Amino acid sequence: MTEELQIELNGVDKHYGAFHALKGIQLAIPKGAFVALVGPSGCGKSTLLRSIAGLETISGGEMKITDEVMNNVPPRHRDVAMVFQSYALYPHMTVIDNLTYSLRLKKTPKAEARKIAKEVAATIGLENLLDRFPRELSGGQRQRVAMGRAIVRRPKVFLFDEPLSNLDASLRVHMRKEIRALHDRLGATSVYVTHDQIEAMTMADHVVVMRAGVIEQQGAPLELYDRPASQFVAGFIGSPAMNFVDGVTNADGTAVTLDITGAPELQLPRQVACNEKVTVGLRPEHLSISEAGQGAITTKISVIESTGSTTYVGAGDAGKITIVLSERRDISVGDTISLGINTKDIHLFDPQTQMVI
Amino acid sequence: MKRIRSSIIDGVGFDLVLVGIPLVFLILFSGLPLVYNVLMSFQEVDLFSLGEVFRPFVGLKNYRALFAQPEFWPIMWNTVIFVFCSIGGQFIVGFGLAVFFNTGFRGSTFIRGLFLVSWVMPGLVVGATWNWILAGDFGVLNYLLSSIGVISENIFWRSDINYSLWAVIITNIWLGTAFNMILLSVGLAGIPKDLYEAASLDGATAFQKFWTITVPMMRSTTGAVISLGLIFTLQQFDLFAAITGGGPANSSNVAQYWAWELSFRQYDFARGATISTIMIAVVMVASVFYVRSTRHEVRG
């Protein structure tokens, strides 16, 4: 079955003077997908979103929305709606006027426009706020109005530019679910920009990790977690971040000696180049504390941070190895522990190219 | 001495000093003359009683006499035309320029700054310069208008009773445009860019964005600019003195210039004060609008 594509980017480039913001972006987004663009600030994710919206003109390559080339089509003819980080509500209009703005531009009869807006307002819990001005709303309510304004238009594509970053933590978790539920109900295609990998992992079907204007890796959330293609993706996806330890492979390439005092050889999941320097990646949640002498790495605890449900343990030289424990253990700072790891959970990276081995 | 020093250092009473100094200044140099002016409009004033404060009270006699003068209503009408057209012209040209410079092309801030030159120049110098531009025989304005075919024979702007008021209005528009543009530019710069982006995605054309975003978002700035414009236009004196002197035959005379003429040319201080009092009332209404519109600023 070939999936129908909603957005297609072929070798898209964007230059700002000498600055190369997007470098040969290759991306295909199927109809109905929820795609998250994630990466550190300045990686080009917002530029990419704004290029899809038409707020930025791309310098090279080709961009299609439902098989139509959109390179030079102005935003108002692209049939996409965007939820801004700042919400960008029209401050001089009431909530209902904000919601009906696009309909009024299209000369929709007033009664019909109000009816549509009221229906949308009811689905997102705004029905009692229709006559308020944006300045009279809380952050969460403004966020809803911004979403409502996008929904009213029934666009082909929803674009979200870090919509939750101005909300407090608990509301953010709640809105995360709500946006995803809304997406499923409307059956639209969504592109969601965030710098928060948890948002990307929990909401999206397809995660695109960007860095310095290029797509580092894209795929299903768990695929990125299980099989990161580079040290950057490995460190970016997953929280707390993956531990990276230098090491050297042995003479036949089946085991690695970690650059930690008192660490024995660690068996590798597959054979690699022999006598080679490598970076070993170990996820904090894959490390376990076993009886002294039983595990792979013997080390001392230097930090313990407990949140109640989980405990973060810092061990190794200068506490640079983080371990996440979900059960409580009777441990304290200064204890000598032994860390166990499953051979299949070891990630290996080339220290030069930073790519996975 | 020590107490004053420490009271400043402690900050106790310092706020009162800060408010007090401008308050005393305002009462002394603005408040008292205003009251004196109003008082004078109800008195009989001649050259012999000029130095006194309490002169014979005559009630509304000065007002009645002023209204009865045949030139009163024409001059008031001139004032209305002058104020209305000056403000309208300054605002429209100023808004246009503000929108133009707000597009942010290369060098736009520099050129916008140059516009302030017109505002820095003394009114009399502006008047003298425009006298040459407006000159009937060799003026640039006539040359321009005739070369694009608007007029077939020269207009004697300053001496033709049909055009003399317009000569001053045109000059005043030129003079006040820069001030309007700067204030309106500040207002435009305060409109968040993402509103325009949201509007373009919502399907608005450039024209629709102007009418549905720019104009309503500029409402409070517009109110402030027009109220200030009214005050400044009613103060405009230099240009009349430099260009037409209110003539010919009062055809370009306006209230503020007439007040000066009555007081300091004809030494009829009571009538001069009467006109000033009427103008104070108008300006006070404008100030209320100004204060209200700056208080109701809508941002975010």
Residue of B:F91, B:F110, B:F57 that the Gaussian network model of chain B assigns the largest fluctuation, springs spanning Cα pairs under 10 Å:
B:F110
Descending principal axes extents, chain A, alpha-carbon based, whole Å:
77, 45, 42
Just going by the charge dipole of the protein assembly as shown, with Lys and Arg at +1 and Asp and Glu at -1 on Cβ, which of A:A220, B:T103, B:Y63 is farthest out on the positive end?
B:Y63
Putting +1 on Lys and Arg Cβ atoms and -1 on Asp and Glu Cβ atoms, find which of B:A167, B:W77, B:T205 reaches farthest to the positive end of the dipole of region B:65-295.
B:T205
Where the centroid of each part is defined by its Cα atoms, how far is region A:198-238 from region A:304-357 in Å?
21 Å
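Starting with the fewest neighbours, write out A:K64, A:K106 ranked by other beta-carbon atoms found within 10 Å of each beta-carbon.
Working: A:K64 16, A:K106 11.
Sorted ascending by nearby Cβ count, the order is A:K106, A:K64.
When a footprinting reagent is the concern and you count Cβ atoms within 10 Å, what order do B:Y267, B:Y163 take, fewest first? Before the final figure, lay out each step's value.
Working: B:Y267 12, B:Y163 20.
Listing B:Y267, B:Y163 from fewest to most nearby Cβ atoms yields B:Y267, B:Y163.
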Take every DSSP beta bridge with both residues inside the protein assembly as shown and express the antiparallel ones as a percent of the total, to the nearest 5.
75 percent
GluC sites (Glu not before Pro), loop per DSSP, at most 10 other Cβ atoms within 10 Å - longest free stretch of chain B:
B:154-300
About the Cα centre of region A:31-94, what is the dipole size in debye to 20, counting +1 per Lys and Arg Cβ and -1 per Asp and Glu Cβ, all else neutral?
140 debye
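To the nearest 20 Debye, how big is the dipole of the protein assembly as shown about its Cα centre, given +1 on the beta carbon of each Lys and Arg and -1 on that of each Asp and Glu? Walk me through the intermediate numbers first.
Values: 55 positive and 56 negative charges, 365 e Å.
So the dipole magnitude of the protein assembly as shown works out to roughly 1760 debye.
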Scaled radius of gyration (Cα, divided by 2.2 N^0.38 Å) that region B:60-104 gives
1.96
Under-5 Å amide H pairs with A:V278, H placed in peptide plane, nonlocal only
A:G247, A:V248, A:T249
HN-Hα J in Hz across region A:167-176 - Karplus 6.51, -1.76, 1.60, θ = phi - 60°, x for Gly and Pro
9, 6, 4, 6, 5, 4, 4, 5, 5, 3
Under a Gaussian network model of chain A whose springs join Cα atoms within less than 10 Å, the largest fluctuation of A:E127, A:E216, A:E162 belongs to A:E127
Environment charge at B:N142 (Cβ cut-off 13 Å; Lys +1, Arg +1, Asp -1, Glu -1):
-2
Using only Cα atoms, tell me the angle between helix A:139-152 and the longest principal axis of chain A; keep it within 0 to 90° and round to the nearest 10.
60 degrees
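For peptide A:85-93, what's the mean number of Cβ atoms from other chains within 10 Å of each residue's Cβ? Spell out each step's value before the answer.
Values: counts 1, 6, 3, 9, 4, 8, 9, 9, 3.
What the average comes to for A:85-93 is 6.
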Ranked on Cβ counts within 10 Å of their own Cβ, fewest leading, B:Y196, B:Y257, B:Y36 go B:Y36, B:Y196, B:Y257
For region A:215-339, give the magnitude of the charge dipole about the Cα centre (Cβ charges: +1 Lys/Arg, -1 Asp/Glu; no others), in debye to the nearest 20.
80 debye
Over the protein assembly as shown, the sum of -39500 (n - 2.57) across DSSP H runs of at least four, divided by residue number and rounded to 500 deg cm²/dmol, gives at 222 nm -13000 deg cm²/dmol
With θ set to phi - 60°, apply the Karplus curve 6.51 cos²θ - 1.76 cosθ + 1.60 along region B:77-86 and write out the HN-Hα couplings as whole Hz, x wherever there is a Gly or Pro.
5, 4, 4, 4, 4, 4, 5, 5, 6, 5
Taking the Cα centre of chain A as the origin and placing charges on Cβ (Lys, Arg +1; Asp, Glu -1), which of A:G319, A:I58, A:V278 is farthest toward the positive end of the dipole?
A:I58
Amide H to amide H, which residues 5 or more places from A:L268 or on other chains are under 5 Å from it, using H placed in the peptide plane?
A:A255, A:V256
Compute the normalised compactness of region B:207-253: alpha-carbon radius of gyration over 2.2 N^0.38 Å, N being the residue count.
1.82
Run down the lysines and flag those whose C-alpha is under 22 Å from the C-alpha of A:K277, throwing out any fewer than 8 positions away in its chain.
A:K320, A:K344
Could you list, in their original order, any pairs among A:K107/B:K193; A:K64/A:K156; A:K23/A:K45; A:K64/B:K209 whose Cα atoms are separated by more than 22 Å?
A:K107/B:K193; A:K64/B:K209
Taking θ as phi - 60°, what are the ³J(HN,Hα) couplings along region B:282-294 by the Karplus curve (6.51, -1.76, 1.60), each to the nearest whole Hz, with x for Gly and Pro?
4, 5, 5, 4, 4, 5, 4, 4, 4, 5, 5, 6, 6
Amide H of A:L287: which non-local residues (sequence gap of 5 or more, or other chain) have their own amide H closer than 5 Å, using H built in the peptide plane?
A:V324
Compute the distance from the alpha-carbon center of region A:96-145 to that of region A:257-287, in whole Å.
57 Å
How far, in degrees from 0 to 90, does helix A:95-105 lean away from the longest principal axis of the Cα atoms of chain A, to the nearest 10?
70 degrees
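Laboratory data are not the source of any read-out in this text; all were calculated from the coordinates shown. The structure displayed is predicted, hence computed values, not measured ones. Cβ atoms come from the backbone with ideal geometry, glycine included; neighbour counts cover every protein chain shown.
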